[in-house]
Amino acid sequence: MPTTTALQAASAGAPFEITEVPVRDLRDDDILIDIQFAGICHSDIHQVREEWGKAIFPMVPGHEIAGVVAAVGDGVTKHKVGARVGVGCMVDSCGECEYCKDGEEQFCTKGAVMTYNGRGYDGEETKGGYAQQVAVAERFVCSIPEGIGLDEAAPLLCAGITTWAPLKRWGVGPGSKVAVVGLGGLGHMGVKFAVALGAEVTVLSRTDAKADDSLALGATVHVATADPLKLKKLRGTFDVVLNTVSADLDLNHYVALLKPMGTLANVGMPPSPFSIRPSSVIQGSRVVAGSNIGGIQDTQEMLDFCAEKGIGASIETIGASEVGAAYERVVAGDVRYRFVIDTSTITA
């Protein structure tokens, strides 16, 4: 079996080591990708540290993958050698259930196969994008249009689609008033998308530390939520509130910001259960929703939109030796706004 050079954690919390890991022989529908950039998602940190339950080790994380097609299986028709491509959080699904047929593979009833820390239907462990190559079924490979740098495109495969999906689902467009809670790896993409879709955008952050960034990204207003009076003044203002943070927030304050029939869409994963007063939802016919990633069709639509509008993630590019330090900086909130690994630095 062929191999590729990768960053691998031997056990929970262990430092990364550069090693060789297997890459499967190409199946008829497979694409071999020369990975050029891999984004660091906070979920990588949770899984490498085994904070979300038992994980599969040794682990090669990474589900924000951008690169170039190196080879294709005999049955591949969608992508050619040399094409710019990306891979997100999933690498397989049954393709037969109602959700797969509707282009919502993330809800596959058999269970979508995750890009890493997962097992394929053949029982083989999946390895992610902190590597120089990966083999993926063409159905789960998206085209990255010209006009987006591969480095800025990598985080779009997770952070991008995670924020794009709820904004599209809840009809954000010209005339919409949107609040984005948190200006981090997810939040900055939520602001960029909502602005590009034509909405009037307010950023809700604990302090004013990122106020200049909010305005530079296109938001009209930045509000420091540490002052409860400022939130109170915004009650009944927004059509959509996109909550991107994973902290334990009192969501009642954010439900109150919605207009009647407005939606609070949550994409963060806080450690504790939500607690919401029923009256705050019922009296305004408001919606409190969760949102997963998106299917492959939606992901491609998002990438095409980014190329059209000139949108990419705001990134800091790092080398393989800096990943451990980058993890600590992500946890500390010290990144503007997504780390991307230059995989050419992953060398033995």
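We did not get these values from a lab; they are worked out from the coordinates using the rules stated. All values reported here derive from a predicted model rather than from experimental measurement. We place every Cβ from the backbone using ideal geometry, glycine too, and count neighbours over all the protein chains shown.
Could you work out the relative contact order of region 162-290? I mean the mean sequence separation of Cα pairs under 8 Å and 6+ apart, divided by the number of residues, in percent.
Numbers: 277 pairs, mean separation 27.9, N = 129.
Averaging sequence separation for qualifying contacts and normalising by length gives 22 percent for region 162-290.
With θ set to phi - 60°, apply the Karplus curve 6.51 cos²θ - 1.76 cosθ + 1.60 along region 316-328 and write out the HN-Hα couplings as whole Hz, x wherever there is a Gly or Pro.
After applying 6.51 cos²θ - 1.76 cosθ + 1.60, I find 10, 8, 10, x, 4, 6, 9, 5, x, 5, 5, 4, 4 Hz.
Please build a GNM for the chain, connecting alpha carbons under 10 Å apart, and tell me which residue among T163, T77, T126 fluctuates the most.
Highest fluctuation among the options: T77.
Give the percent of DSSP beta bridges with both residues in the chain that are antiparallel, rounded to the nearest 5.
Details: 33 of 60 bridges.
Of all bridge pairs located within the chain, approximately 55 percent are antiparallel.
Please list 87-93, 333-339 highest first by mean number of surrounding beta-carbon atoms within 10 Å per residue. Please list the in-between numbers first.
On the way: 87-93: 25.1, 333-339: 19.4.
Going by the mean number of other Cβ atoms within 10 Å, highest first, we get 87-93, 333-339.
Given the options V134, V201, V281, which has the most mean-square fluctuation in a GNM of the chain, springs set between C-alpha atoms less than 10 angstrom apart?
Residue with maximal mean-square fluctuation among V134, V201, V281: V281.
When the chain is treated as a GNM, springs tying every alpha-carbon pair under 10 Å, which of V48, V331, V240 comes out with the largest mean-square fluctuation?
Looking only at V48, V331, V240, the biggest GNM fluctuation is shown by V331.
Please name whichever of A165, N252, G62 sits farthest to the positive end of the charge dipole of the chain, dipole taken about the Cα centre and charges placed at Cβ: Lys and Arg +1, Asp and Glu -1.
About the Cα centre, the residue reaching furthest to the positive side is N252.
Please list, in chain and number order, the residues 5+ apart from H222 or on another chain whose amide H is under 5 Å from its amide H, with Hs placed from the backbone.
Residues meeting the criterion, in which the H sits 1.01 Å from N, are V203.
Mind listing the long-range amide H neighbours of Q133? Cut-off is under 5 Å, sequence gap 5 or more, other chains count too, H placed in the peptide plane at 1.01 Å from N.
T5, I35
What percent does the relative contact order of the chain come to when contacts are Cα pairs within less than 8 Å and at least six residues apart? Don't jump to the answer; show the numbers that get you there.
On the way: 846 pairs, mean separation 63.5, N = 348.
Taking the mean separation of contacting Cα pairs over the length of the chain, I get 18 percent.
Quick one: Karplus J couplings for region 170-181, per residue in order, coefficients 6.51, -1.76, 1.60, θ = phi - 60°, nearest Hz, x for Gly and Pro?
Working through the residues one at a time gives 9, x, 5, x, x, x, 6, 10, 10, 10, 10, 8 Hz.
Going by amide H atoms built from the backbone, whose H comes under 5 Å of the H on V181, apart from near neighbours?
Counting only residues 5 or more places away or on other chains, the set is L204, L242, N243, T244.
If each DSSP helix of 4+ residues adds -39,500 (n - 2.57) and the sum is divided by the residues in the chain, what number results at 222 nm, nearest 500 deg cm²/dmol?
Working: 11 runs with 80 residues, N = 348.
So the helix-based figure for the chain works out to -6000 deg cm²/dmol.
Do any GluC sites (Glu not before Pro) in region 109-193 lie in a DSSP loop with no more than 15 other beta carbon atoms within 10 Å, and if so, which? Display every interim value, and only then the final one.
Details: sites: E124, E125, E138, E146, E152; in loops: E124, E146.
Passing both the DSSP loop test and the Cβ count: E124, E146.
Once each part is reduced to its C-alpha centroid, what is the distance from region 160-187 to region 4-70 in angstrom?
Region 160-187 and region 4-70 have Cα centres separated by 28 Å.
Starting from region 1-75, pick out the chymotrypsin sites (Phe, Trp or Tyr not before Pro) whose DSSP state is loop and whose Cβ has at most 15 other Cβ atoms within 10 Å. Intermediate results must be reported in sequence, preceding the final value.
Working: sites: F16, F37, W52; in loops: W52.
Answer in residue order: W52.
Only Lys, Arg, Asp and Glu count, each charged at its Cβ (+1, +1, -1, -1), so figure out the dipole size of the chain about its Cα centre, rounded to 20 debye. Working shown, then result.
Details: 29 positive and 42 negative charges, 319 e Å.
Magnitude of the dipole: close to 1540 debye.
Could you give the angle, 0 to 90 degrees to the nearest 10, between helix 187-196's Cα long axis and the longest principal axis of the Cα atoms of the chain?
70
Taking θ as phi - 60°, what are the ³J(HN,Hα) couplings along region 307-315 by the Karplus curve (6.51, -1.76, 1.60), each to the nearest whole Hz, with x for Gly and Pro?
5, 5, 9, x, 9, x, 6, 8, 10
Subtract the Cα-Cα distance of A224 and R169 from 0.36 nm times their separation in residues, and report this length gain in nm to one decimal.
Value of the extension gain: 17.1 nm.
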